[in-house]
1. Anything in segment 188-228 that is in contact with a strand residue (DSSP E or B) (Cβ under 6 Å, 6 or more places away or on another chain), closer than 21 Å to ARG117 by Cβ and among the β-branched types (Val, Ile, Thr)? List them, or say none.
2. Can you report the number of residues in segment 288-322 which are assigned to a helix (DSSP H, G or I) and farther than 22 Å from GLY246 by Cβ?
3. Scanning for something under 24 Å from the mean Cα position of the chain (by Cα), at pLDDT below 95 and outside any loop (DSSP other than H, G, I, E, B), does segment 28-41 turn up at least one residue?
4. Please indicate, with yes or no, whether at least one residue in segment 387-395 is out of contact with any helix residue (DSSP H, G or I) (no Cβ under 7 Å at 6 or more places or on another chain), surrounded by 15 or more Cβ atoms within 10 Å (Cβ to Cβ) and in a loop (DSSP other than H, G, I, E, B).
5. Quick one: would you say VAL177 is farther than 30 Å from GLY423 by Cβ and part of a strand (DSSP E or B)?
6. Taking segment 204-239 as the region of interest, how many residues are assigned to a loop (DSSP other than H, G, I, E, B), of a type outside the set (D, E, K, R) and either at positive phi or buried (at least 20 other Cβ atoms within 10 Å of the Cβ) (or both)?
7. Against the conditions (1) surrounded by 21 or more Cβ atoms within 10 Å (Cβ to Cβ); (2) at negative phi; (3) assigned to a loop (DSSP other than H, G, I, E, B), where does GLY137 fall short? Just the number, please.
Amino acid sequence: MGLRMALRWGCFGALSVLVGCGGMDDGRSPEESSGPGRTDAEVNAPAATESVEAAPTLTLHDGHQVQATPPVAPLPTQFQPAFHQSLRESVSVGSFTTYRIKVPLGRAGSRVRVTFRSGDGSLTLQRATVAKAGANGALGSAPVALTFGGQAGFTTGTRTLVTSDPIAFPVGFRDEVAISFEVKGALGKSRIQAFPDSWMRTGAFATTQGALGGQTWEYATGVATVDVEGAPGRAFVAIGDSITEGYTGTWNDTRNAWPSRVEKQLGVPVVNSGASGQGFWDANLQLPQEVLSLQGVTDCVVLLGVNDLAAEGMTVPKLQQRMTQLLDQLQPMCKLWVSTLLPKEKMGADGGDFELMKAQRHEFNAWLRSLTRAQLIDLEAVTRQPGNVDLFIDGLEVDGIHPSVEGHRVMADEAARTLKAKGGL
């Protein structure tokens, strides 16, 4: 059989052809995979010949016969995302360099698989491992090697997703793991530094159990997704901009971002597909690689549009059309949730008409509140001042645009409350 290596090329053509792009290897062999016209539910359902064996009749010492307890059918398992990050930027290294990225996992299970994303050029990965994370760049357990179609590494082209083979590696909910990998070429990279205790060092050190050394490197790099196999359940993805990615000022930590805080409260994965600076246009363009490629997602939460307000040529009907286009792509995949836009007390670095921005935000939020195809999470309502919808409550913002760490806590509390009330969690 060929390599079980999921290669996904970016979809950068017209938006009309975006639907249907993406999808990642689920770890099954070709003869186990769904094939055309078969759903995952059909593939994972036991065949008719796999019915539970009838319990045998036992004869006791006094001659009485009893029916033994029938064997228990094994519980179903499924790979679902436990970590995800949009990697919009690109970083290149000319010689083999080891990255050790420390990520939190929002799902418990017995096996994991890791998806890597190349950057603006080819990428060669020669070795990768996963281990429980220790402190100061050290590993908290012995590293376990990842393989790709049975091989130690791979070479791939520009903006491609490559998924490892599943490996036995039990993890618990909110465990932190260290993914170490030796690479040269171009890797996808996040736009903000939000992964403390991540490192890079020139050379090949993926199996080094002690501190990696080198230099700190707090960008999510190379690692796009970590899937964990366990009992199937709800799994959320949050789609947004820097507010969702977790920008809180001069120091960021993905664990402080509102999706991570919701995950901790609800006990289910809420993976982060926020990308700083993005609006609806690039969100639609990148959706196949960054969201539609995820398997096992049940719910999608969209907090998007702040960067589109008062942009050149932008109108509220255009905002509505682009949000509709996004929801159209997501609806076959997941239950839809949308959030109102937070207060915005000033224009961004690109400038613009401040009064127009405020008017567009008010009108767009009113439209979001009227939607019937998606459930509403009203984050504006809990972050705005009671007497002025254009101002944050004191202490909930850092620069008039982005929430503070406390602001993320307030947002997470409201999102978790709404998801419990309307989502049956």
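1. THR221, VAL223, THR225, VAL226, VAL228
2. Residues that pass the stated criteria total 9.
3. Yes; the residues of segment 28-41 include at least one that is under 24 Å from the mean Cα position of the chain (by Cα), at pLDDT below 95 and outside any loop (DSSP other than H, G, I, E, B).
4. no
5. no
6. Of the residues in segment 204-239, 8 are assigned to a loop (DSSP other than H, G, I, E, B), of a type outside the set (D, E, K, R) and either at positive phi or buried (at least 20 other Cβ atoms within 10 Å of the Cβ) (or both).
7. (2)
Listed here are the residues, each with its yes/no results for (1) under 17 Å from TYR99 (Cβ atoms); (2) surrounded by fewer than 22 Cβ atoms within 10 Å (Cβ to Cβ).
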{"position": "SER110", "(1), (2)": "no, yes"}
{"position": "PHE116", "(1), (2)": "yes, no"}
{"position": "GLY121", "(1), (2)": "yes, yes"}
{"position": "ARG127", "(1), (2)": "yes, yes"}
{"position": "PRO143", "(1), (2)": "yes, yes"}
{"position": "LEU146", "(1), (2)": "yes, no"}
{"position": "GLN151", "(1), (2)": "no, yes"}
{"position": "THR163", "(1), (2)": "no, no"}
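The values are calculated or read from the model by the stated rules, or taken from the named source; none is laboratory data. These numbers come from a predicted model, not from an experiment. FYI the Cβ positions are ideal-geometry reconstructions off the backbone, even for glycines, and counts take in every protein chain you see.
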